[in-house]
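FYI, it's all coordinate maths here, none of it is from the lab. In this text, all values refer to a predicted model and were calculated from it rather than measured experimentally. Here the Cβ is made from the backbone with ideal geometry for all residues, glycine too, and neighbour counts use every protein chain on show.
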Amino acid sequence: MECRNAQVPQDLIPADILKSPDSHALCKFLRCFVLEIRKEDGTMYPPSSIRSILGGLHRVLRENGATFSIFDKDDPIFREFALTLDTATSQLHSEGIGAKCNKALVIPFEHEVIFWDKGVISYGSPKSLMRAVFFGIGMHFVLRGVEEHCNLKIEQIEHFPSDQSLYSSDTYYKYTKYISKNNIHRFKDINTTNKCVRVYAKPDNERCLVHLLDFYLSKLPPDPPAFYLRPLLNIPALPDLPWYTKMPIGANTLKNVVPEISEEAGIGVRYTNHSL
């Protein structure tokens with residue numbers, strides 16, 4: 001194999017290089033290898049494939065008695081190899097080679113029905129009710145990031161008309177988005193409007209989000225410090241007592257709401273909050 005890069009020596013790689021005790025020579029040829037390796041059709045490998053190939057070479061080196069690691073950035077001998085590897089990886093990504101976008105699985109309606117049928121989300125307990133509200137808000141108001149849920153306040157979700165006892169197809173909740181990492185609202189932004197989303201009642205559907213929110217909000221303690229509060233283990237004996245403590249639910253717990261829903265439902269798929 002020849003090295004076409006002008007900064008890498010043009011020597012041919014010896015067949016027994018992986019048996020050589022000379023780590024300096026090995027480093028020189030590994031740098032050449034990373035820059036020159038190609039598929040059979042001449043196209044470049046993605047970084048993940050190069051990593052796998054180098055992992056295989058490293059294993060062979062160890063089997064041949066090598067006591068060093070080619071991936072040790074603290075080893076002054078292989079520091080240049082590490083720099084070459086980083087440069088090659090950056091170049092490949094800049095050309096779109098190996099760059100991929102991991103899209104969250106979208107939850108189909110059939111699985112949503114299973115969540116309800118199995119009681120994982122329901123009106124039946126403080127925890128399952130909180131999950132049902134989280135699920136509905138994420139889906140209808142497009143709240144998926146844990147930061148948005150964690151910072152959600154009661155006043156961001158308004159009932160219209162203001163009379164909570166009214167419930168018809170004209171009843172709705174309006175969600176107003178406050179500040180976020182993409183919506184900082186500096187002084188120059190004072191004339192911009194916040195994102196608002198409405199969800200209307202569906203009186204013929206027990207799983208209607210408006211009805212869920214009415215029920216959930218009625219079970220919160222007075223002056224709740226956050227929208228999502230820590231649920232009690234069981235429903236209180238007295239119907240007028242709240243179902244939730246005044247302790248906000250932490251970010252880690254909110255991050256795992258949808259994964260836990262999918263796992264407890266036993267559907268064989270692990271969804272995330274971004275699947276909503």
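With both labels modelled 7 Å from their Cα along Cα-to-Cβ, the A104 to K255 distance reads 1.3 nm.
In deg cm²/dmol, rounded to 500, what helix-only [θ] at 222 nm does the chain give when every DSSP H run of at least 4 residues adds -39500 (n - 2.57) and the total is split over its residues?
Numbers: 9 runs with 100 residues, N = 276.
My calculation for the chain gives -11000 deg cm²/dmol from helical runs alone.
For the chain, modelled as a GNM whose springs connect Cα atoms under 10 angstrom apart, the maximal fluctuation among D204, D163, D72 occurs at D72. Shape analysis of region 17-94 based on the Cα gyration tensor places the equivalent ellipsoid semi-axes at 21, 14, 10 Å, largest first. Between the Cα long axis of helix 23-36 and the first principal axis of the chain there is an angle of about 60°, rounded to the nearest 10. In plain terms, the residue of C196, C32, C27 with the fewest other Cβ atoms within 10 Å comes first and the most crowded comes last, giving C196, C27, C32. Computed across the chain, the Kirkwood radius stands at 23.7 Å (inverse of mean 1/r, all Cα pairs). Taking amide H as placed 1.01 Å from N in the peptide plane, the amide H of R207 sits under 5 Å from none that are at least 5 places away or on another chain. Each of the GluC sites (Glu not before Pro) that DSSP puts in a loop and that has at most 13 other Cβ atoms within 10 Å breaks the chain; the longest unbroken stretch is 96-205. Which of P242, S275, A66 sits farthest toward the positive end of the charge dipole of the chain, with +1 on the Cβ of Lys and Arg and -1 on the Cβ of Asp and Glu? Value: P242. To the nearest ten degrees, helix 79-94 and the longest principal axis of the Cα atoms of the chain are 50 degrees apart.
Report the gain in length on full extension from L83 to R38: 0.36 nm times residue separation, minus Cα-Cα distance, nm rounded to one decimal.
14.2 nm
For region 12-62, the set of trypsin sites (Lys or Arg not before Pro) satisfying both a DSSP loop assignment and a count of at most 11 other C-beta atoms within 10 Å is given as R38, K39.
Once the C-beta distance of F160 and R230 is scaled by a Förster radius of 35 Å, the resulting FRET efficiency is 0.75 to the nearest 0.05.
Please tell me the relative contact order of region 109-275 in percent, rounded to the nearest whole number, where contacts are Cα pairs under 8 Å and at least six residues apart.
Reported as a whole number, the value is 27 percent.
Given a Förster distance of 41 Å, report the FRET efficiency between S69 and V269 from their Cβ-Cβ distance, rounded to the nearest 0.05. Approximately 0.60, to the nearest 0.05. Highest GNM mean-square fluctuation among T245, T43, T176, for the chain modelled with Cα contacts below 10 Å: T43. If the elastic network links every pair of Cα atoms under 10 Å, which of F160, F215, F71 fluctuates the most in the Gaussian network model of the chain? It is F71. Compared with the dominant principal axis of the Cα atoms in the chain, helix 47-63 is inclined by about 50°.
Lys-Lys pairs in region 109-275 that are eight or more residues apart or on separate chains and whose Cα atoms lie under 16 Å of each other come to 14.
About its Cα centre, how strong a charge dipole does region 23-140 have in debye, to the nearest 20, once Lys and Arg get +1 and Asp and Glu get -1 at the Cβ?
Approximately 200 debye in magnitude.
Only Lys, Arg, Asp and Glu carry charge here, each on its Cβ (+1 for the first two, -1 for the last two); on that basis the chain has a dipole of about 380 debye about its Cα centre.
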